[in-house]
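J.: Dropping the structure in here first, questions after.
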Amino acid sequence: IRKIGVLTSGGDAPGMNAAIRAVVRTALHNDLEVYGIFNGYLGLYENNIRKLDRQDVSDRINRGGTFLGSARFPEFKEESVRRQAIKNLEQHGIDALVVIGGDGSYMGAKCLTEMGYPCIGLPGTIDNDVPGTEYTIGYNTALNCVLDAIDRLRDTSSSHRRISLVEIMGRHCGDLTLAAAVAGGAEYAIIPEKPFSEESLLRALDKGDSKGKKHAIICITEKITDTHELARRIEAHTGQETRATVLGHIQRGGAPGAFDRVLASQMGAFSVALLMEGEGGRCVGIQNNRLVHHDIIEAIEKMPRPFNQDLFDTFKKLV
Ligand code: ADP
């Protein structure tokens, strides 16, 4: 192997730059050439590809987002589009590709691998919903951002005896919501892994009121229900002022924290080591504090993400 490509795809996440940097520096350290593909699979299709050197990744480790850019490009599901992408890679003489992204991006990498082009997937998303790893790059930074927001809401909510409903990202994964609820000392967590009963939420709020709680913080994962509507119904039921805060893209931005920078650096270096050993079609993860790699096809098809039931049970005892 002589030349490798790297791209970021799907939702951006803090730490992606640190991962790109690690891929580039590790490759150069081993006398490999590295090519950056700009704007994810879209740039791959459009041949937006450029050779990277050390300086291209200088001053990037501390920056949020991804300097390579990212894109949603549903056309990549078409085989003819992917064939063109592979042609572009071959034209540059690029032997293998590192894809940094979420589960959608993994699907793209899996498809390329199935077409005979070796890819390595690195988990980059704040949602923590990627198979084959306990933590994704960006998750921890986003968690601290959500926690900071909850702390701020707590200050103002308890001053006014207000109920705060906080909508948190995660798509179909409640990890970010549940961890933020535990760390933020929230009263209630609504997550996609558990059926949502509005009735039991309202009952819990009544109970909290009788316990003399000055405020209530309710964490809810996006896409479960209309959060603003839910806030109105809570207010009608409790008679207490209720505000919904949708954190939105605030959660995705900002400088990556130490955990994500270290994780991204390790994973980026590991992906290059795997390619040098001739491994393709793998995805990288961290499990039991060790770097691991799995067959990317098997990971997507057969490795459902485990739900942390213990943490959920603990949370319920602490409210
Ligand atoms: P994420 O990677 O953060 O989950 P998306 O789900 O938007 O984000 O996926 C990112 C990109 O990966 C998509 O825009 C598309 O280009 C590609 N992709 C997603 N699903 C597939 C698929 N089934 N086959 C091929 N490419 C896919």
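J.: Rounded to whole Å and sorted largest first, list the principal axis extents of the Cα atoms in the chain.
T.: In descending order, the Cα extents are 68, 36, 34 Å.
J.: In what sequence do 196, 73 fall when counting other Cβ within 10 Å, fewest first?
T.: Details: 196 14, 73 21.
Neighbour counts put them in this order, fewest first: 196, 73.
J.: Still on this structure: Counting Lys and Arg as +1 and Asp and Glu as -1, each charge on the Cβ, what is the dipole of the stretch 72-113 about the Cα centre in debye, to the nearest 20?
T.: Magnitude of the dipole: close to 60 debye.
J.: To continue, here is another question. With +1 on each Lys and Arg Cβ and -1 on each Asp and Glu Cβ, and nothing else charged, work out how big the dipole of the chain is about its Cα centre, in Debye to the nearest 20.
T.: Rounded to the nearest 20 debye, it is 620 debye.
J.: Out of every Cα-Cα pair in the stretch 261-319, what percent are more than 19 Å apart?
T.: Here the tail beyond 19 Å accounts for 48 percent of pairs.
J.: May I ask what percent, to the nearest 5, of DSSP beta bridges between residues of the chain are antiparallel? Could you put the intermediate results ahead of the total?
T.: Values: 10 of 41 bridges.
About 25 percent, rounded to the nearest 5.
J.: Hey, what D do you get for the stretch 66-137 in µm²/s if you plug the Kirkwood alpha-carbon radius into Stokes-Einstein at 20 °C and 1.002 mPa s?
T.: Diffusion coefficient, whole number: 166 µm²/s.
J.: For the stretch 24-51 and the stretch 270-308, what is the centre-to-centre distance using only Cα atoms, to the nearest Å?
T.: 21
J.: Another question about this same structure. Put one equal scatterer on each alpha carbon of the stretch 171-240, apply the Debye formula with no solvent term, and list log10 I(q)/I(0) at q = 0.16, 0.20, 0.24 1/Å to two decimals.
T.: -0.55, -0.86, -1.19
J.: Let me ask another. Dipole size in debye (nearest 20) for the stretch 193-262 around its Cα centre, Lys and Arg Cβ +1, Asp and Glu Cβ -1?
T.: 260
J.: Report the one residue of 253, 215, 204 whose Cα lies farthest in the direction of the positive end of the charge dipole of the stretch 192-277 (charges on C-beta: Lys and Arg +1, Asp and Glu -1; origin at the Cα centre).
T.: 215
J.: Something else now. Which lysines have a Cα lying under 25 Å from the Cα of residue 51, excluding residues fewer than 8 positions away in the same chain?
T.: Partners found: 3, 87, 110.
J.: For the charge dipole of the stretch 13-87, defined by +1 on Lys and Arg C-beta atoms and -1 on Asp and Glu C-beta atoms about the Cα centroid, which residue among 44, 74, 15 has the Cα displaced farthest towards the positive pole?
T.: 15
J.: Per DSSP helix of 4 or more residues, -39500 (n - 2.57); summed, then divided by the residues of the chain. What does that give at 222 nm, rounded to the nearest 500? Could you put the intermediate results ahead of the total?
T.: Working: 11 runs with 137 residues, N = 319.
One gets -13500 deg cm²/dmol as the mean residue ellipticity at 222 nm.
J.: Once the dipole of the chain is set up with Lys and Arg at +1 and Asp and Glu at -1 on Cβ about the Cα centre, which of 100, 274, 289 lies farthest towards its positive end?
T.: Sorting the options by dipole projection puts first 289.
J.: Taking all pairs of distinct Cα atoms, average 1/r, flip it, and tell me the Kirkwood hydrodynamic radius of the stretch 112-216 in Å to one decimal place.
T.: Hydrodynamic radius (Kirkwood, Cα only) of the stretch 112-216 equals 15.7 Å.
Every number here is computed from the coordinates shown, using simple stated rules; none is lab data. Note that the structure is a prediction, hence the values are computed from the model and not measured. Methodologically, a virtual Cβ is constructed for each residue, glycine included, from the backbone with ideal geometry; neighbour enumeration extends over all protein chains shown.
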